[in-house]
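**Student:** Quick one: structure below, then a few questions.
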Ligand SMILES: C[S@@+](CC[C@H](N)C(=O)[O-])C[C@H]1O[C@@H](n2cnc3c(N)ncnc32)[C@H](O)[C@@H]1O
């Protein structure tokens, strides 16, 4: 089989970009042929088995777009997947929150669906990606995220819409853009919530079938049709008058 990487290595720099595009097409065709042969089964059963995950790429587009908000004292769930990468030198302090006590990366262990010790008005930015869909009491949790943000602090949220279910992560919910807006506006106020959707019918179907970023052109990936979102994201600002 022709190795795309090996061919690219032999080419001078000016030709690499066009060669990348040309070499991508046979591989895209190969994937589609494999899909026809695979019947009802997807090509892969996890999001990163065959290449770069589509939903993570969309989530990263969102964080890149709002990277100016990732500054000062930040909070992220589970690990530093995105704060340092997108906030860079704007970040002065980072806390990692985890519900369970078994995560050595956690600097705060707390259940945000119960009364807890996390102080109010603490964080300039909270990155809450792929977390709300596992939370039973969403209203309480969002109220807590609002409480622990500083006035003018920003909450950046990403949740799944069209995607497969992973029972091992105890997933509970999927969100439409309207549903996410409604949930967040209860604590932050309607005018302080901006929701964006990422994905289209082709990439949504593709992710369900086990395809990855490499299986699509940039134009196909960057066409966002809210009727077929893979990922729904939101930016929420805590207004000073909402100070708790
Ligand atoms: C699937 S991880 C997602 C985080 C990760 N940064 C990502 O982008 O995939 C879910 C996180 O939610 C946290 N979590 C679940 N229930 C929680 C609760 N009731 N209170 C606080 N955190 C909770 C877990 O401890 C875990 O860190």
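The values are calculated or read from the model by the stated rules, or taken from the named source; none is laboratory data. Source: prediction; values computed, not measured. Using ideal geometry, Cβ is built from the backbone for each residue, glycine included, and neighbour counts are taken over all protein chains shown.
**Student:** With the requirement that a residue be assigned to a helix (DSSP H, G or I), more than 22 Å from residue 170 (Cα to Cα) and more than 19 Å from the chain's Cα centre (by Cα), what does the range 83-139 give you?
**Tutor:** Taking the range 83-139 and keeping what is assigned to a helix (DSSP H, G or I), we get 83-90, 132-134, 138-139.
With more than 22 Å from residue 170 (Cα to Cα) added as a condition, the list becomes 83-90.
The answer is 89, 90.
**Student:** Quickly run through the range 18-62 and pick out the residues that are part of a loop (DSSP other than H, G, I, E, B) and touching a helix residue (DSSP H, G or I) at 6+ places or on another chain (Cβ under 9 Å).
**Tutor:** Of the range 18-62, the ones part of a loop (DSSP other than H, G, I, E, B) are 39-53.
Once the filter is applied, which keeps residues that are part of a loop (DSSP other than H, G, I, E, B) and touching a helix residue (DSSP H, G or I) at 6+ places or on another chain (Cβ under 9 Å), the range 18-62 yields 42, 43, 47, 48, 50, 51, 52, 53.
**Student:** What about residue 124, is it away from the ligand (no atom under 14 Å from the Cβ), touching a residue at least 40 places away in the same chain (Cβ under 8 Å) and either over 30 Å from residue 211 (Cβ atoms) or buried (at least 16 other Cβ atoms within 10 Å of the Cβ) (or both)? Explain how you work it out, then say what you get.
**Tutor:** Details: away from the ligand (no atom under 14 Å from the Cβ): yes; touching a residue at least 40 places away in the same chain (Cβ under 8 Å): yes; either over 30 Å from residue 211 (Cβ atoms) or buried (at least 16 other Cβ atoms within 10 Å of the Cβ) (or both): yes.
Spelling it out, residue 124 is indeed away from the ligand (no atom under 14 Å from the Cβ), touching a residue at least 40 places away in the same chain (Cβ under 8 Å) and either over 30 Å from residue 211 (Cβ atoms) or buried (at least 16 other Cβ atoms within 10 Å of the Cβ) (or both).
**Student:** Among the listed residues 149, 243, identify the single one that is over 18 Å from the mean Cα position of the chain (by Cα) and at pLDDT below 95. Steps first, answer last, please.
**Tutor:** Numbers: 149 fails: at pLDDT below 95.
Just one listed residue meets the conditions, 243.
**Student:** While we're on this one: Which numbered condition in (1) more than 28 Å from residue 99 (Cα to Cα); (2) buried (at least 17 other Cβ atoms within 10 Å of the Cβ); (3) at pLDDT 95 or above is the only one that residue 58 fails?
**Tutor:** Failed condition: (1).
**Student:** Further question: From 208, 221, grab the single residue that is touching a helix residue (DSSP H, G or I) at 6+ places or on another chain (Cβ under 7 Å) and touching a residue at least 24 places away in the same chain (Cβ under 8 Å).
**Tutor:** On the way: 208 fails: touching a helix residue (DSSP H, G or I) at 6+ places or on another chain (Cβ under 7 Å).
Among 208, 221, only 221 is touching a helix residue (DSSP H, G or I) at 6+ places or on another chain (Cβ under 7 Å) and touching a residue at least 24 places away in the same chain (Cβ under 8 Å).
**Student:** What residue, among those in the range 66-79 that are over 20 Å from residue 135 (Cα atoms) and free of Cβ contacts under 8 Å to residues at least 40 places away in the same chain, is surrounded by the most Cβ atoms within 10 Å (Cβ to Cβ)? Walk me through how you get there before you give the answer.
**Tutor:** Step one: list which residues in the range 66-79 are over 20 Å from residue 135 (Cα atoms), which gives 66-74.
Cutting the leftovers down to free of Cβ contacts under 8 Å to residues at least 40 places away in the same chain gives us 67-68.
On the way: 67: 16, 68: 11.
Going through the qualifying residues, I end up with 67.
**Student:** Go through the range 191-201 residue by residue and tally those that are surrounded by fewer than 19 Cβ atoms within 10 Å (Cβ to Cβ), closer than 21 Å to residue 143 by Cβ and either touching a helix residue (DSSP H, G or I) at 6+ places or on another chain (Cβ under 8 Å) or touching a residue at least 40 places away in the same chain (Cβ under 8 Å) (or both).
**Tutor:** Applying the first criterion (surrounded by fewer than 19 Cβ atoms within 10 Å (Cβ to Cβ)) to the range 191-201 yields 191-192, 194, 201.
In the following step, the residues that additionally are closer than 21 Å to residue 143 by Cβ were identified as 191-192, 194.
Those still in the list that are either touching a helix residue (DSSP H, G or I) at 6+ places or on another chain (Cβ under 8 Å) or touching a residue at least 40 places away in the same chain (Cβ under 8 Å) (or both) too: 192, 194.
The total comes to 2.
**Student:** Looking at the structure I just gave you, is residue 161 away from the ligand (no atom under 11 Å from the Cβ), under 25 Å from residue 224 (Cβ atoms) and without any contact (Cβ under 8 Å) to a residue 24 or more places away in the chain? I'd like the intermediate steps shown before the answer.
**Tutor:** Numbers: away from the ligand (no atom under 11 Å from the Cβ): yes; under 25 Å from residue 224 (Cβ atoms): yes; without any contact (Cβ under 8 Å) to a residue 24 or more places away in the chain: no.
Answer is no for this residue.
**Student:** Name the single residue, out of those in the range 139-155 being within 10 Å of the ligand (Cβ to nearest atom) and surrounded by fewer than 23 Cβ atoms within 10 Å (Cβ to Cβ), that is nearest to residue 196 (Cα to Cα). Show your work before the answer.
**Tutor:** To start, the set of residues in the range 139-155 that are within 10 Å of the ligand (Cβ to nearest atom) comprises 140-141, 144-145.
Next, only the ones that are surrounded by fewer than 23 Cβ atoms within 10 Å (Cβ to Cβ) stay: 140-141, 144.
Numbers: 140: 23, 141: 21, 144: 22 Å.
Only one residue fits best here, namely 141.
**Student:** When the range 81-93 is examined, which residues are found to be surrounded by 16 or more Cβ atoms within 10 Å (Cβ to Cβ), under 22 Å from residue 159 (Cβ atoms) and free of Cβ contacts under 8 Å to residues at least 40 places away in the same chain? Don't jump to the end; show me each part of the working.
**Tutor:** Of the range 81-93, the ones surrounded by 16 or more Cβ atoms within 10 Å (Cβ to Cβ) are 81-83, 86-87, 90-91.
Add one more test, that the residue is under 22 Å from residue 159 (Cβ atoms), and what stays is 81-83, 86-87.
Within the range 81-93, 86, 87 qualify.
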